[in-house]
1. With a sphere of radius 15 Å drawn around the Cβ of residue 33, what net charge do the other residues whose Cβ falls strictly inside it have (Lys, Arg +1; Asp, Glu -1)?
2. Between residue 109 and residue 48, how many nm apart are label points set 7 Å from Cα along the C-beta direction?
3. Residue by residue, what Karplus-based ³J(HN,Hα) values in Hz, rounded to whole numbers, does the range 85-90 have, using 6.51, -1.76 and 1.60 with θ = phi - 60° and x for Gly and Pro?
4. Using the Karplus equation 6.51 cos²θ - 1.76 cosθ + 1.60 (θ = phi - 60°), what ³J(HN,Hα) coupling, rounded to whole Hz, does each residue of the range 56-73 give in order, writing x for Gly and Pro?
5. Ranking request for peptides 29-39, 64-74: highest mean number of other beta-carbon atoms within 10 Å first, then the rest in descending order.
6. Roughly what would the spin-label model give for residue 34 and residue 58, points 7 Å off Cα along C-beta, in nm?
7. Quick one: the Cα spread of the range 30-112 along its three principal axes, in angstroms, biggest first?
Amino acid sequence: MKQNKTPIPKTLRQKLEHAFAVKSDNPLTEEELSVLNKTVDFIVRRKMEATVILALQSLSPMNFIGSQILVVLEPFLDPLIPPGDYQKLIRILEDRQGIELFIRKIENKSQKG
């Protein structure tokens, strides 16, 4: 009689630990980092750091849904943001690491300036 060689998770938590993991294997490009830096500058110049950080942290668990809301809002924001930059920003916000980087850049920029 053969034994099953794959380990069986002992708890429900172990079974579901990676069920909803959203991981990006693609690092940000130079163009995306440039868009992120321009967006951070815009936010810090207008003293909106706390509001944006709160919104990003609140939506972090649902980052993909939040980024898709931006797709819906695109026609309204189109006059304010160049279309290519807007698409890059949406791609950044689809990734949890992108959101964390965005928050860190806002915090660093607001402390410096």
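What follows draws every value from the coordinates through simple rules; no lab data is involved. Note that this is a predicted model, so its numbers are computed, not measured. Note: ideal-geometry Cβ built from the backbone for every residue, glycine included; neighbour counts use all protein chains shown.
1. Details: positive: 38, 88, 91, 104, 105, 109; negative: 30, 31, 32, 41, 85, 95, 100.
Computed value for this residue: -1.
2. 1.1 nm
3. 3J(HN,Hα) across the range 85-90, in whole Hz: 5, 5, 5, 5, 5, 4.
4. Each residue of the range 56-73 in turn: 5, 5, 5, 8, 3, x, 10, 4, 5, 5, x, 5, 6, 5, 5, 4, 5, 7 Hz.
5. 29-39, 64-74
6. With each label point 7 Å from Cα toward Cβ, the separation is 3.3 nm.
7. 33, 27, 24
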